[in-house]
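Take a look at the structure below.
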Amino acid sequence: MTRNNRAASVADWLGTEGPGYPLVLSSRARLARNLEGVHFPCSAGEEDLERARGMVLEAVSKRVADDRDWDIRFAEELSRDELGMMTEEHLTSRSFADRMGGRAVALSWKDGRSVTVNEEDHVRIQVIMPGAQFMEAWREADKIDSCMEEEVQYSFDQELGYLTSCPSNVGTGLRVSAMLHLPALVSTGEIARTISALGQAGVYVRGLYGEGSGVVGNMFQISNRQTLGRTEEFIVRSMDTVVNQVADNERTARKMMLRESELGLADGVYRSLGIVERARKMGFFEALELISQVKLGIEMDLIPMDDFSILEVGVEVGETHLRERLGNDAEKEDVERERAVHLRRMLAL
Amino acid sequence: MNIFCDECKKNIATVFLTKISGTEVSKVQLCEECAKRMEETTEAVNLLAFLPQVLSSLQGVEENLVEDILTGELLTCGSCGTSFNDFQKMGLLGCADCYREFSDALHRVIIEFQESDEHIGKIPGRASEGARLRRRLLDLEKHLQQKIAEEEYEAAAAVRDQIREIEVRLNADVMESDKE
Ligand SMILES: [Zn+2]
Ligand SMILES: [Zn+2]
């Protein structure tokens, strides 16, 4: 399967609604594993990296990839654009795009499952699902893990559990994250209190994209901090509880905004819509802010427009995705112009 | 207004982030390069933020160890050549043996960050029988405390027997592996 076959649509899960929509955009479970007897990727020589890749990919093809269409890609064989697109679609982390030797990814485009080889750890199993489906995402990742384990021997310590190259992942190697859209918490300033409460609960918060006076597009990614001394179920269930709490806070903040100044709120979202309708060129971060505001307007029944997927549109206005539409010789200005045009197209304006 | 990157203080900042460390919410501005590096090693960076305070808390406790760590000279993993100094800079260990080679210093880092030093999650199917037994032992010990708290002494005695049995098997395992 070549990249072009699917150029028209981004990763399928991005456009799907899940439980907790529209506040919880997606759930992700990630397991970090290393092969026994092989140095971790950061200190491994080329030969070791190749060997690790061979072992992991063999396990994937034998045990995991037999059910649906999985695609195996070697980082060094992918073009910059292909790597960039995968990063923008959240399929691989940004460091994957460095094209270091021995890196590879096996992915199942349809359902957001992937196994990345030789990033920070030899094996990173990742499952992304739309909405709040942490338990489902973890179970799926765990299943892949158990299947792979029939083929390879993981580095495991009786006391510390699965050994990872960064001790912040040691133990279960499990990081569960949620992507949330929280425009009302940001504009009421309540987000600071939410974030500090989350910090105390052992949860990381960070923006999905950053800029200006804070997080851009009001999109936050929250994940568990601790991976050791807790069972996987506990980690997953805690994340579920925390995310529900944050989503509740956002709902409350929205009601408060409506109560305190419906006119002010409507004015804000319509001003954003006005820019989207009229702009001739647009930066990426600016686009994300506008998308967030228009989306809020739609969700609060202030703007009578068809709903859209904020993640999907966010990916579509990304640098690499626009460049693919324009061709490689596009100037920065061409990209910005196309972003304004394409955003209208995506929102059917 | 400062227009330079908070990290390298050299390039002009183009990426602005809200940074959350603990309960502190602060703004950081970075250049493209530094932002990219942060993104790559987010988890490592989160850990690195902990390191200085953990290491300074070692002071006075084991002075030799602290000196070793600070000079970074003596603590080097015999298997992969990664030094503790490298770990302090990158937040990454070089191999599984690093966990053993740096265990004293690393233990504190792990406790500080993870608030635990005992894995109670999944165990690979092929892991030694010992791992499974240890986990079972842990469960039983909790169970025992609970039974004692509930004043169910008969049940507690039964649990204690199970614990002994497992301890015997574990000791046998140790002797077995000592012979090898
Ligand atoms: Zn910089
Ligand atoms: Zn080592």
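Would you call A:Ala141 buried (at least 20 other Cβ atoms within 10 Å of the Cβ), in a loop (DSSP other than H, G, I, E, B) and not assigned by TED's automatic domain parsing to the domain that holds A:Leu311?
The answer is no for A:Ala141.
Could you list all residues from the range B:75-103 that are surrounded by fewer than 18 Cβ atoms within 10 Å (Cβ to Cβ), within 7 Å of ligand 2 (Cβ to nearest atom) and not in a loop (DSSP other than H, G, I, E, B)?
B:Asp97 - this is the single residue of the range B:75-103 that is surrounded by fewer than 18 Cβ atoms within 10 Å (Cβ to Cβ), within 7 Å of ligand 2 (Cβ to nearest atom) and not in a loop (DSSP other than H, G, I, E, B).
Scan (1) over 19 Å from the mean Cα position of the chain (by Cα); (2) within 19 Å of A:Leu180 (Cβ to Cβ); (3) not acidic (Asp, Glu) for the single condition A:Gly283 breaks and write down its number.
(2)
Within the range A:39-63, can you find the residues that are touching a helix residue (DSSP H, G or I) at 6+ places or on another chain (Cβ under 6 Å) and surrounded by fewer than 21 Cβ atoms within 10 Å (Cβ to Cβ)?
Within the range A:39-63, just A:Arg63 meets the criteria.
Could you tell me how many of the residues in the range A:19-62 are of a type in the set (Asp, Glu) and either in contact with a Cys (Cβ under 6 Å, 6 or more places away or on another chain) or within 13 Å of ligand 2 (Cβ to nearest atom) (or both)?
Residues in the range A:19-62 being of a type in the set (Asp, Glu) and either in contact with a Cys (Cβ under 6 Å, 6 or more places away or on another chain) or within 13 Å of ligand 2 (Cβ to nearest atom) (or both): 1 in total.
With the checklist (1) at the interface with chain B (Cβ under 9 Å from one of its Cβ atoms); (2) farther than 24 Å from B:Cys95 by Cα in hand, flag the one item A:Pro183 doesn't pass.
The one condition A:Pro183 does not meet is (1).
Here's the yes/no breakdown for (1) part of a helix (DSSP H, G or I); (2) closer than 16 Å to A:Ser27 by Cβ:
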position	(1), (2)
A:Ile72	no, no
A:Glu76	yes, no
A:Leu83	yes, no
A:Thr87	yes, no
A:Thr92	no, no
A:Leu107	no, no
A:Ser114	no, yes
A:Glu120	no, no
A:Met148	yes, no
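Restricting attention to the range B:77-100, does a residue exist that is in contact with a Leu (Cβ under 8 Å, 6 or more places away or on another chain), acidic (Asp, Glu) and at pLDDT 90 or above?
no
The values are calculated or read from the model by the stated rules, or taken from the named source; none is laboratory data. Because the structure is a prediction, the values reported are computed rather than measured. Counting neighbours? That spans all protein chains shown, and the Cβs are built from the backbone with ideal geometry, glycine included.
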